Amino acid sequence: MVWEIRLDDVSAADTRALVTAHVSRMRENTPPESCHALDADALLDGGALLWSARVEGELAGIGALAPWGEDAGELKSMRVTEQFLGQGVGRAILRHIMNEARGRGIRSLWLETGSGDDFLAARGLYRSEGFVECGPFGSYRPDPLSTFMMREL
């Protein structure tokens with residue numbers, strides 16, 4: 001499978017719809033105080049960069065990088081569409097974002113993800129790419145529903 005990963009301004013209807021679906025899915029199973037997913041406008045208004053992966057023009061997944069501080073960034077809104085799960089799209093997006101972050105002078109990447117079984121695959125992906133669990137960072141607070149991870153680049 002060949003995918004194209006490109007910077008996305010969320011103007012494409014399918015990209016915006018996937019971000020919206022991601023936020024909706026997170027809010028379905030997470031109490032408001034534990035849900036940290038941002039909608040498309042909040043991502044972009046906050047200075048995040050969002051990439052989309054496409055296979056023969058079809059949207060396969062998204063991922064965002066929210067820079068904070070001089071040399072750190074937070075991984076946000078990682079989501080692969082159902083039909084492309086398990087095919088390496090999430091890993092490709094993650095590696096692309098890590099390379100982009102390095103190129104922008106970011107030396108550490110941080111993330112918050114869920115701690116439940118629904119997030120086992122995500123945590124496994126992050127661990128396999130060198131992320132390790134850490135304590136809350138930035139404005140996050142300890143939360144049994146959250147797992148915090150980071151990786152030096």
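Computed from the coordinates by the stated procedures, all read-outs in this text should not be read as laboratory data. Treat the numbers as computed from the prediction; the structure is a model and nothing was measured. Using ideal geometry, Cβ is built from the backbone for each residue, glycine included, and neighbour counts are taken over all protein chains shown.
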Nothing charged except the Cβ atoms of Lys and Arg (+1) and of Asp and Glu (-1): what's the magnitude of the dipole of the chain about its Cα centre? Round to the nearest 20 debye. 360
Sorted peptide list for 90-101, 127-138, criterion being average Cβ within 10 angstrom, highest first: 90-101, 127-138
Of all DSSP beta bridges in the range 62-130, antiparallel share, percent nearest 5: 60
Evaluate the distance, in nm, between pseudo-label points positioned 7 Å from the Cα of residue 127 and of residue 71 along their respective Cα→Cβ axes. 2.9
Multiply the residue gap between residue 119 and residue 41 by 0.36 nm, knock off their C-alpha separation, and tell me the result in nm, one decimal place. 25.6 nm
I need the shape label for the range 52-119. Rule: rounded when a/c is under 1.5, else prolate if a/b > b/c, else oblate, with a, b, c from the alpha carbon gyration tensor. oblate
Would you work out if the range 89-138 is rounded, prolate or oblate? Take a ≥ b ≥ c from the square roots of the eigenvalues of the alpha-carbon gyration tensor; rounded if a/c is under 1.5, else prolate when a/b is larger than b/c, oblate otherwise. oblate
